[in-house]
Amino acid sequence: MEGWIKLHRKFLTWEWFDKSEMVHLFLYLLLKANHENNIWQGVEIKRGQLITGRKILSKDTGISEQSIRTCMNRLKLTNELTIKTTNKYTIITICNYDSYQTVNNNNNQQINQQSTNNQPTINQQSTTNKNEKNEKNEKKIYIPDFSEFKKYVLENNPDIDIISLENKYKSWIVNDWKDGNNKKIQNWKSKILNTMPYLKQNANKRKIMP
């Protein structure tokens, strides 16, 4: 995940600023949220949204699951975010994400925030013209849904453990389609073929995801 966010000094006046875990969690969510719309398993994950869960949040931030629950409830209470939970995943939407991340086309390419008294004031530092050009020229990466992903793997290794395969797929999704070395997965078929030897074999054939 590339790019920057820039904190305005008014962040010091945010109503939750004296709660270190609140600051930690909210900054994490801002950094992990999609900067552009994407599709995951046929579901559109919009700009300013991310798919995650309490266990993942706890693991990544070091905050306990109970504290994660408390922090999330506070952020919902003050309209910092909304949460939609299904039996498969949780989508978190950062309210007014565009006000934090909107780019103004001025000479300095500064990113200004339209802050309110109830919301943290956060500006994102824009990239240079050169980086913008590189982003435009960057090859669009295709992310398959799990059905296609699983079908391809089973065609090449029918004895692969489905749970292990699902966990690997989810880890790449949560990490913005990057591998364990934080490198973008350009060719997922080649990547999973190289990863197969490290996955469990035929431990559980129970179907986990459609």
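Computed from the coordinates by the stated procedures, all read-outs in this text should not be read as laboratory data. Note that the structure is predicted; figures quoted are calculated from it, not measured. Virtual Cβ from ideal backbone geometry, glycine too; neighbours counted across all protein chains shown.
Observations on the structure shown:
- Scanning the range 136-193 for residues that are within 26 Å of residue 49 (Cβ to Cβ) and hydroxyl-bearing (Ser, Thr, Tyr), we see that the one that is surrounded by the most Cβ atoms within 10 Å (Cβ to Cβ) is 169.
- Counting only strands (runs of 3 or more DSSP E) that sit completely within the range 10-89, those holding 3 or more residues that are under 14 Å from residue 174 (Cα atoms) and either of a type outside the set (Gly, Ala, Ser) or touching a residue at least 60 places away in the same chain (Cβ under 8 Å) (or both) correspond to 38-40, 49-52.
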